[in-house]
Structures are given as C-alpha cells and as structure tokens.
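Below is one structure; the comments refer to it alone.
All of the numbers you see were taken from the coordinates with simple rules; none came from a lab. As the structure is a computational prediction, the values presented were derived from the model and not from experiment. Cβ coordinates were reconstructed from backbone atoms using ideal geometry, including for glycine residues, and neighbour counts include every protein chain displayed.
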Amino acid sequence: MAYSFFGIKKPKIENTGQFSYVSVAPQNSLSAINSDGNSVARKEMCYFCFDVLRSYLGMMKGEALQQPVTFSNDSYPLFVTWKIGQDHRLRGCIGTFSNMSLHSGLREYAVSSALKDSRFAPVSRDEVARLHCSVSILIDFQVNFVDC
C-alpha cells in the first residue's frame, strides 16, 4: 500500500482578507502513484479541504473557492486529517477504506473530520487559522490483507 501526505497550513488572513497558504513538508516520503504512473496526492487537495471547511462554517462570505479544482476525480480510499497548533495535535481524522471520487470524498471528509470526529468537539471558526490539513490517498489498497 503506498500513500502520500501533504500538510498545508493557512496561518493568517492577509490585508486583503484572503487567507495565505503556507506549505509544510510532507510527513512521508512515499508518493501515491496511480497505475498510469501519475501522482495522485496533490497539495491542492489540502487547499480544497480548507475552502470546503471555511465555506461550511460560513467564513467564505460569497467568495469562490480560492484554488480551482485541478486534481483528478478518480476514486480511491481516502482520509482527511486536521491537526492544530505548532505541535500539530490531532484535531480530527475521518475517511473511508472504500473507493470514493476524490472531489466528493474530500468535500465530505473535510467537514466530517473537522466536525464529527467523536473524539473531539467540533472545530470552531476561531480554530481554523491554526489548523493544518493532510490528505491520505490509499493506492493499491488490499481488503483483508494477511501478513505472511
């Protein structure tokens, strides 16, 4: 099973009222490569998750998505993880082991992992600026795999 994480933080609002994106180093050196040899996981997925969460929380005020959706809509098992603060404490993580189209899957799990992870209270608007996002795409996922 190969997977890839991209961590992205939106730390502050610029003078224009727009969030700035700051990339942080990938947490894992493995790369999610599909059968065509193309990279599946992209940092734009994390931008998309932030936009979806901000929109859901009513923080977009009629703004369009800040980043156009340029990544594939192929189907994969996926997880969205939110961490908070400089020490990157877990704030929520939910996903699925079933194949799901990336656009709808990231939209669903960006919100679910932030607001419905039963281990945590829902993320508040005040916390969004301190969040870090990572997206995990599972490639060649094997159901009921048994170690030899």
Spacing of the two label points (7 Å from each Cα toward its C-beta) at S124 and S101, in nm: 3.7
For the pair S39/T70, report the inter-label distance in nm, with labels modelled 7 Å from Cα in the Cβ direction. 1.2
